[in-house]
Amino acid sequence: MSDFRSDNGKIYFSPEIKPVNHKKLRSIISSSEARVDSFFNGKKSKPIIIVCSNPQQYQKYCSSTEGAGCSLGTPWGNSFVILNTQGMNVDVISHEMSHTELLERLGWWTIATKIPQWFNEGIALMLDRRFVNNPDKIGRYFDYMDEWLYYTGGGQQILELRDIASIKGFFNTSQKQVMLAYMSAGMEVSYWMILSEKDGLQRLISDLEQGKSFEEAYQNAEQKRRAYWFKKLPTNPLRFQDSKKISE
């Protein structure tokens with residue numbers, strides 16, 4: 001990264017990106033930061049952002065030439081968002097910044113040992129409107145269910161949440177299965193966001209900081225109005241067998 005250019009030590013641009021384009025790219029990044037700030041009720045993370053100009057540069061950091069963004073975190077508290085100008089937009093950046101925001105709030109060890117990958121990706125999808133773009137929380141859940149039904153062939157080929165709890169389980173499959181993993185995560189987390197209402201995410205983070213398990217914190221966040229919403233919403237297919245147990 002030694003030849004990348006930065007004016008402030010926060011955003012580094014590939015030398016192949018003309019300075020005249022820096023302002024536009026900074027504006028896209030700022031819009032993403034505002035989205036994260038709104039969703040998390042205040043943005044705490046300050047990742048170093050590295051903007052690459054081609055897939056080869058991007059691969060050095062993200063181990064793949066595919067995709068427009070990835071995020072990296074270290075046990076020492078450093079975080080990075082790597083972007084590829086070929087495809088980067090507010091949705092991509094917001095998605096990756098969601099990961100660094102959870103990392104900042106919970107710490108590397110908690111993310112690595114307690115947080116299922118489906119939850120980490122599901123929260124990121126709440127800021128990422130590439131697949132479902134519905135500002136209404138109930139409408140978002142129904143839209144994710146529609147996507148889930150498509151990728152499961154009408155619910156015939158289900159991925160259980162426990163199967164996509166690890167990074168390997170989530171990503172180390174075919175492209176279609178990865179998309180199903182994303183839609184499963186989006187459906188479950190959008191459902192949980194309804195049940196846990198406005199302060200659910202903050203309560204979950206607080207419980208985790210106090211040492212509670214993810215499963216306990218996840219269920220606690222939705223307890224207050226769970227019975228009310230269960231009567232209002234159709235059964236979440238991922239909770240069909242036991243709606244009170246959240247699989248990890």
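The values are calculated or read from the model by the stated rules, or taken from the named source; none is laboratory data. Everything numeric in this text was worked out from a predicted model, so none of it was measured. All Cβ positions, glycine included, derive from the backbone under ideal geometry; neighbour counts span all protein chains shown. Surface areas here come from the heavy atoms of the whole protein model, side chains and all, with no ligands, DNA or RNA. Shrake-Rupley method; radii C 1.70, N 1.55, O 1.52, S 1.80 Å.
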Qualifying residue in the range 51-74 (condition: open to solvent by less than 30 Å² (accessible area, probe 1.4 Å), closer than 23 Å to GLN202 by Cα and either out of contact with any strand residue (DSSP E or B) (no Cβ under 9 Å at 6 or more places or on another chain) or hydrophobic (A, V, I, L, M, F, W, C) (or both)): no
Applying the selection to the range 12-32, what residues are crowded, with 18+ Cβ neighbours inside 10 Å and of a type outside the set (A, V, I, L, M, F, W, C)? TYR12, SER14, SER32
Select from the range 153-182 the residues that are open to solvent by less than 10 Å² (accessible area, probe 1.4 Å) and within 16 Å of THR235 (Cα to Cα) and list them in ascending order. LEU161
Which of the residues belonging to the range 206-224 are open to solvent by less than 90 Å² (accessible area, probe 1.4 Å) and in contact (Cβ under 8 Å) with a residue 24 or more places away in the chain? LEU208, SER213, PHE214, GLU215, TYR218, GLN219, ALA221, GLU222
Filtered residue count, the range 99-148, keeping only those that are of a type in the set (Val, Ile, Thr), surrounded by fewer than 18 Cβ atoms within 10 Å (Cβ to Cβ) and not in a helix (DSSP H, G or I): 0
List, please: which pairs have Cβ atoms under 6 Å, are six or more places apart or on different chains, and start with a residue in the range 160-178 that is touching a residue at least 40 places away in the same chain (Cβ under 8 Å) and end with one that is β-branched (Val, Ile, Thr) and buried (at least 18 other Cβ atoms within 10 Å of the Cβ)? PHE170/ILE164
